[in-house]
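The values are calculated or read from the model by the stated rules, or taken from the named source; none is laboratory data. Treat the numbers as computed from the prediction; the structure is a model and nothing was measured. Cβ atoms come from the backbone with ideal geometry, glycine included; neighbour counts cover every protein chain shown. The accessibility values were calculated without ligands, DNA or RNA, using every heavy atom of the protein model including side chains. Shrake-Rupley method; radii C 1.70, N 1.55, O 1.52, S 1.80 Å.
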Amino acid sequence: MTMIAGVCMDNLKTNKILAGFLLAGLLAMGGGKIAEIFVPYQELEENAYPIEITQLADSGNNAAPVNQGPEPILAMLASADIDAGIKIAKKCSACHEFNADGKNKTGPMLWNIVDANMAMKEGFNYSGALASMGGTWDYNALNAFFYKPKAYVEGTKMNFAGLKKPSDRANLIAYLRSLSDAPAALPTQQEIDAESVRTD
Ligand code: HEC
């Protein structure tokens, strides 16, 4: 009898445990449903996160002419790949030296060129075209020059077709920026926003 009672007790226990598992499983599967019953779904009157869709005026047939100049690169400078820039600069090294005590060759030495005055490297015989530019080599000017040297400085004697890939120009310019004891500041957000590329 004790044995039987023992078995009965055991069965009862097992049953309880099984029931416990079953209930837990049901709750896990049906939790969502149960929640729905207690918290009825309500249609929101407005999107919780309004999504604004602004339509561009005159998009389509009247779209503005495509910018013929180089693509912007200012936003790319902070995270540009200087090592990739060093590789691009190999295309220039037939004519340019880059180190601090570099000499002028076919082209002027390029240490400290970012933000430098144009055509001012000592002892280099510049073309009249570049000598009369009168600006500084800021990031925008370098971007436009490297895109198409002969378009930006009409009549320049730099014989180089240009770099069509924006990332190539950004990496190269980031490398040139590093060639200085006091590298030029990175562009500010305002400058990035206002970046307008000159092609004249
Ligand atoms: C075939 C030779 C040649 C190659 C290749 C060349 N340059 Fe030049 N570069 C010149 C010459 C020559 C000038 C001077 C242009 C002038 O006086 O019109 C010059 C001028 C410049 C200037 C203006 C310097 C100043 O003092 O105002 C920069 C910047 C420059 N080059 C960068 C580069 C870079 C970067 C590359 C490679 C992507 C490159 N160049 C490739 C010959 C070259």
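Remark: pairs (first residue in region 115-130, in contact (Cβ under 8 Å) with a residue 60 or more places away in the chain; second residue open to solvent by less than 40 Å² (accessible area, probe 1.4 Å) and more than 6 Å from the ligand (Cβ to nearest atom); Cβ separation under 6 Å; 6+ apart in sequence or on different chains) = D115/A184. Counting the residues of region 114-127 that are surrounded by fewer than 18 Cβ atoms within 10 Å (Cβ to Cβ), more than 31 Å from the chain's Cα centre (by Cα) and within 8 Å of the ligand (Cβ to nearest atom) gives 4.
Total residues in region 147-166 satisfying the condition of being under 16 Å from the mean Cα position of the chain (by Cα) and open to solvent by 40 Å² or more (accessible area, probe 1.4 Å): the figure is 1.
Got a sec? Which of N117, N104, N125, N159 is closer than 15 Å to L176 by Cα and in the same structural domain as L172 (by TED's automatic domain parsing)?
Numbers: N104 fails: closer than 15 Å to L176 by Cα; N125 fails: closer than 15 Å to L176 by Cα; N159 fails: closer than 15 Å to L176 by Cα.
Step by step, each of N117, N104, N125, N159 is checked, and only N117 is closer than 15 Å to L176 by Cα and in the same structural domain as L172 (by TED's automatic domain parsing).
Screening A174, A89, A131, A144 for residues that are open to solvent by less than 20 Å² (accessible area, probe 1.4 Å), near the ligand (Cβ under 8 Å from one of its atoms), of a type outside the set (D, E, K, R) and at pLDDT 95 or above leaves exactly one candidate, A89. Against the criterion of being among the β-branched types (V, I, T), surrounded by fewer than 19 Cβ atoms within 10 Å (Cβ to Cβ) and closer than 17 Å to S79 by Cβ, I192 qualifies.
Taking region 177-189 as the region of interest, how many residues are open to solvent by 40 Å² or more (accessible area, probe 1.4 Å) and either outside the structural domain of I86 (by TED's automatic domain parsing) or closer than 16 Å to A75 by Cβ (or both)?
Just the residues of region 177-189 that are open to solvent by 40 Å² or more (accessible area, probe 1.4 Å), to begin with: 177-178, 181-183, 185-186, 188-189.
Keeping just the survivors that are either outside the structural domain of I86 (by TED's automatic domain parsing) or closer than 16 Å to A75 by Cβ (or both) gives 177, 185-186, 188-189.
The total comes to 5.
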